[in-house]
Amino acid sequence: MTRAVIAAVALVVLMVLSGALFVISEWEQAIITQFGEPVGEPITTPGLKFKLPLIQKVHRFDKRFLEWAGDVAELPTKDKVFIQVDAYARWRISDPLLFYQRNPGGERGAQSRLDDILNSATRSAIAKHELLEVIRTSNRTPVSDEAAFEPDEGQLDAIDTGRENIRREILASAKNLTASVDLGIEILDIQFKRINYGEQVLMDVYNRMISERVRISDRFRSQGQGQRAEILGNMERDLQQIQSEAYREAEQIRGRADAEAADIYARAYNQSAEARRFYEFLKTMETFAATVDPETWLILSTDGEFYRFLESSGR
Amino acid sequence: MPADRGPRTLLNYSRPPRLPQLPLAGIRVALLVVVGLVLISSGVYTVDPEEEAVVLRFGRYVRTTEPGLHFKIPLGVESVIKVPVERQLKQEFGFRTERVAVRSQKGRRGFENESLMLTGDLNTVVVEWVVQYRVVDSKKYLFRVRNVESTFRDVTEAVMRAVVGDRTVNEVLTVGRQEIEDLVKQDLQVLCDQYETGLRVEQVVLQDVNPPDPVKPSFNQVNQAEQERERLVNEAQSEYNKVIPRARGEALQAIQQAEGYALNRVNRAQGDAARFESLLAEYTKAPEVTRKRIYLETMSQILPKAGRKVVLDGDLDGVLPLLNLEGGAVAPRSEEP
C-alpha cells in the first residue's frame, strides 16, 4: 500500500518537473509568458532553466545572425539604366521581448517587415546614384597591357561616391528605420550580392561590347599593315642607301685609280718631245698590229715604206 | 485433456515446460548490468581524426574534445556536436562539379546568375571560381551564425563582384587574375570575421573567366587580329632580313671589285710606263734604227695574220677596180675546209 503511494507521488513529481525544466541551447534565447503575458527577464544564457509548469510557456528565438535575402528587382539608376539588384542582409533578434511583442508573426513576419525596410532603402539609394557609382569602389588606376590598348581604352572613369559608400548609406538608413519602429531587431550588415544589367539593357551592352571589340580588331589590323609598310619602307630606303653608297665608293676608287694611271702614263709619255713622238709611233704600231685579223685585206703599195726597205735591201 | 492428446508437434516439444523459480537477487543483478551497459554505451562517443567535438550540457557549452574515445554524461544531459575542423571545405561558384573523375565534368546550366558580373568599365564578364576554406573556430561556427554555408556563399559573391566591379574587363580577363584572387581572399576573410562565422579562407581560385557567350566571337576576333598584326610585322621583318644583308654583301662585293680594278689599272699603267721608259732609253740612243726595227717587226707580225695581201704598184692610180673582186674572190675561199 505505502509502496503504491510512493510510486504515485514520484510519478507526479516527475511530471511536474518535466513541465518545469527546459533547456536553452547556446544559439537560443527565450522569453516566458504567463497566460500570454511576458513575465520576468528574457533568458539569453544557455543551460537548464525553470518555469512554473502548466501556466507558463516558453517562447524560443534564435540568437544567431540570421539571413535576409532581398527581392531580385529591376531598379533604375540615376542615369536611367535598369539593373537587377540582389542584396542580402544579416540581422539578429537583439531584444527578444520586444521582438515577441512587435512581431506576432514571429520570424516570418519579421522577414516581411525587413523586406519593406531594406528593399525601399536599396531602391532609393540606387535611384540616387549613377550606375558607375554602384559598381565601382575606388578610383584605382587599372593595370593594362600597353601593347594591346590605346591610352583612352582600359581606363576607368572617375567616381565620386562608390559602391562601399552607397552600401553604408543603405545600411545606415535601414538601421535608422528599424530602430525607429522598435522591432527588437538589429541589422548588422547589408551587401550587394549581385548587380546585373536588366534583360533589355543587356542586349545593348552586348552590342556595345561587340562594336568595341570590332574597333579594337580593326585597329590591330591597321596597325599591322602600318608597321609592315613602315618596315618595307625602311627596307627600300636602306637598300637604296647601301647600293648608292657602294656605287659611290666603287666609282671613287675607280676614278682615283684611273687618275693615277693617267698620271703614270703622262709622266712616261710626256717627258720630252722625243718621247711623245716615240709614243705616237709605238701606239700606231700596236694599234695596227691589233687590228689585223684573217679577214683583213692588206693592201701594200710598192711606194710604201715596207717595199722601200725591200727595194733598198735588194739593191 | 483432449488438447493434450493432440498430435505431438515439434513446437509442443520445444516449449519449455516451466520457468524455473530464479532467485530475486539474480534478476536484480542482471537488470543492473543491462542498465549499466545502456548508460555506458550512450555515454561513449568517438571523434574522427579530422573532427573535433563540442560538448553541451543542457544546451550550454562545456568543453571541446580532440579526436579519440570520450565519455559524456548520458541520458541527454550532455550532447555532442562534431565539427570537421581539419577538413578542407570547398564551394564552387558559377558551376558545379558534376562527376569527380580524372576528367571532372563541369555543369554550368542554371548557374549563369552566379557567374555573370559587371566590370568597372561597365562591360560584363562570366567568372567561375572556387573558394577553399576551413572551420577554425567551431564554437563560432556552431553558435553565432545560422546557415553558415549559405551566408558564406552570399559573402563570397558580394566580395567577388565588388572586386571585379573595380576592374576593367581586360584586367579581369587577362592580367589581373592573381590580384583579384588575393584581394577577394583578403576581403572575404574580413567579412567572415565580422560575421563571426569561425571560418578561415584558405584559397580563392579563379577558374574560367570569359566574356559572355554572345560577345565571345568578337573577343576571339580581337585575338585573331592581334595575331594577324604579328604575322604582318613578322613577314615584313623577314622580307627586310632577306633583302638587306644580301644588299650589304653585294655592296661590299662591288667595292672590292672596284679595288681590284684600281689595282689592275695602276699596275698596268706602271708596267706600261716602265716598258716605255726602257724602249725610250733604247730609242734615244739610235732613233732611226729603232724606229725601223719596230716597224719591220710589226709588219712581220701582221703579214702572216692578214687573210689577203695585195701588193699594188705605186704608179697605179686607184685601188677601186681591185676591190670589186671581193665578192668573187672571198666566197670560194670560205668554201675551203
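Is it fair to say A:Ala268 is more than 7 Å from chain B (Cβ to nearest Cβ) and among the aliphatic types (A, V, I, L, M)?
Criteria not met by A:Ala268.
Does any residue of the stretch B:57-67 turn out to be touching a helix residue (DSSP H, G or I) at 6+ places or on another chain (Cβ under 7 Å) and of a type in the set (Asp, Glu)?
No, the conditions are met nowhere in the stretch B:57-67.
Taking only the stretch B:195-216 into account, find how many residues are closer than 17 Å to B:Gly94 by Cα and among the aliphatic types (A, V, I, L, M).
Total satisfying the criteria: 4.
Given the criterion of a type in the set (A, V, I, L, M, F, W, C) and either at the interface with another protein chain (Cβ under 7 Å from one of its Cβ atoms) or not in a helix (DSSP H, G or I) (or both), identify the matching residue among B:Val163, B:Val190, B:Val131.
Only one candidate qualifies: B:Val131.
If you go through the stretch A:242-276 one residue at a time, how many are within 60 Å of the chain's Cα centre (by Cα), among the polar types (S, T, N, Q) and loosely packed, with under 13 Cβ neighbours inside 10 Å?
Summing the residues that are within 60 Å of the chain's Cα centre (by Cα), among the polar types (S, T, N, Q) and loosely packed, with under 13 Cβ neighbours inside 10 Å in the stretch A:242-276 gives 1.
Among the helices (runs of 4 or more DSSP H) confined wholly to the stretch B:266-337, which include 2 or more residues that are in contact with a Gly (Cβ under 9 Å, 6 or more places away or on another chain) and at pLDDT below 55?
Result: B:326-335.
I'm trying to understand the selection: among the residues of the stretch B:82-114, which are within 14 Å of another protein chain (Cβ to nearest Cβ) and at pLDDT below 90?
Scanning the stretch B:82-114 gives B:Gly94, B:Phe111, B:Glu112, B:Asn113, B:Glu114.
Every residue, every condition in (1) within 45 Å of the chain's Cα centre (by Cα); (2) farther than 30 Å from B:Pro211 by Cβ; (3) among the basic types (Lys, Arg), yes or no:
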position: B:Arg28; (1), (2), (3): no, yes, yes
position: B:Ser41; (1), (2), (3): no, yes, no
position: B:Asp48; (1), (2), (3): yes, yes, no
position: B:Val54; (1), (2), (3): no, yes, no
position: B:Glu66; (1), (2), (3): yes, yes, no
position: B:Gly76; (1), (2), (3): no, yes, no
position: B:Val83; (1), (2), (3): yes, yes, no
position: B:Glu92; (1), (2), (3): yes, no, no
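Does B:Leu142 satisfy being touching a residue at least 12 places away in the same chain (Cβ under 8 Å), surrounded by fewer than 23 Cβ atoms within 10 Å (Cβ to Cβ) and either within 21 Å of A:Asn196 (Cβ to Cβ) or within 26 Å of the chain's Cα centre (by Cα) (or both)?
The answer is no for B:Leu142.
Where in the stretch A:91-202 are there helices (runs of 4 or more DSSP H), lying fully within it, with 1 or more residues that are within 14 Å of chain B (Cβ to nearest Cβ)?
In the stretch A:91-202, A:106-128, A:131-135, A:163-180 are the helices (runs of 4 or more DSSP H) which contain 1 or more residues that are within 14 Å of chain B (Cβ to nearest Cβ).
For (1) away from every other protein chain (no Cβ under 14 Å); (2) farther than 30 Å from A:Asp204 by Cβ, each residue gets a yes or a no:
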{"position": "A:Ser18", "(1), (2)": "no, yes"}
{"position": "A:Val23", "(1), (2)": "no, yes"}
{"position": "A:Ile32", "(1), (2)": "yes, yes"}
{"position": "A:Val39", "(1), (2)": "yes, yes"}
{"position": "A:Gly47", "(1), (2)": "no, yes"}
{"position": "A:Phe50", "(1), (2)": "no, yes"}
{"position": "A:Arg60", "(1), (2)": "no, yes"}
{"position": "A:Lys78", "(1), (2)": "yes, no"}
{"position": "A:Val85", "(1), (2)": "no, no"}
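What residue, of B:Ala269, B:Ala251, B:Ala262, is closer than 25 Å to A:Ala273 by Cα, within 7 Å of another protein chain (Cβ to nearest Cβ), of a type outside the set (Asp, Glu) and crowded, with 17+ Cβ neighbours inside 10 Å?
So the residue among B:Ala269, B:Ala251, B:Ala262 that is closer than 25 Å to A:Ala273 by Cα, within 7 Å of another protein chain (Cβ to nearest Cβ), of a type outside the set (Asp, Glu) and crowded, with 17+ Cβ neighbours inside 10 Å is B:Ala269.
Would you check if there is a residue in the stretch A:3-22 being in contact with a helix residue (DSSP H, G or I) (Cβ under 6 Å, 6 or more places away or on another chain), assigned to a strand (DSSP E or B), in contact (Cβ under 8 Å) with a residue 12 or more places away in the chain and not aliphatic (A, V, I, L, M)?
For the stretch A:3-22, residues in contact with a helix residue (DSSP H, G or I) (Cβ under 6 Å, 6 or more places away or on another chain), assigned to a strand (DSSP E or B), in contact (Cβ under 8 Å) with a residue 12 or more places away in the chain and not aliphatic (A, V, I, L, M): absent.
Out of all the residues in the stretch A:259-315, which are outside any helix (DSSP H, G or I) and at pLDDT 85 or above?
If the condition is that a residue be outside any helix (DSSP H, G or I) and at pLDDT 85 or above, then A:Asn270, A:Gln271, A:Ser272 are the ones that fit.
Could you identify the single residue in A:Pro46, A:Pro38 that is in contact with a Leu (Cβ under 8 Å, 6 or more places away or on another chain), closer than 26 Å to B:Phe58 by Cα and surrounded by fewer than 20 Cβ atoms within 10 Å (Cβ to Cβ)?
A:Pro38
For residues in the stretch B:196-218 being free of Cβ contacts under 8 Å to residues at least 40 places away in the same chain and facing chain A (nearest Cβ under 7 Å), which is nearest to B:Glu157 (Cα to Cα)?
B:Pro214
Given the conditions (1) within 7 Å of chain B (Cβ to nearest Cβ); (2) out of contact with any Asp or Glu (no Cβ under 9 Å at 6 or more places or on another chain); (3) over 20 Å from B:Asn264 (Cβ atoms), and given that A:Ser301 satisfies all but one, which numbered condition is not satisfied?
All conditions pass for A:Ser301, except number (2).
Is the stretch B:25-41 home to any residue that is modelled with pLDDT of 75 or more and closer than 30 Å to B:Val135 by Cα?
For the stretch B:25-41, residues modelled with pLDDT of 75 or more and closer than 30 Å to B:Val135 by Cα: present.
Hey, A:Ala289 hits all of (1) under 30 Å from B:Pro212 (Cβ atoms); (2) in contact with a Lys or Arg (Cβ under 9 Å, 6 or more places away or on another chain); (3) among the small types (Gly, Ala, Ser) but one; which does it fall short on?
Single failed check for A:Ala289: (1).
Starting from the stretch A:59-86, take each residue that is of a type in the set (S, T, N, Q) and list its partners that are not in a strand (DSSP E or B), counting only C-beta distances under 6 angstrom and pairs at least six apart or across chains.
From the stretch A:59-86, the pairs are A:Thr77/A:Ile126; A:Thr77/A:Glu130; A:Thr77/A:Leu131; A:Gln84/A:Val72; A:Gln84/A:Gly198.
The values are calculated or read from the model by the stated rules, or taken from the named source; none is laboratory data. On a predicted model such as this, the values are computed, not experimentally measured, just so you know. Reconstructed Cβ throughout: ideal geometry from the backbone, glycine too, with neighbour counts over all protein chains shown.
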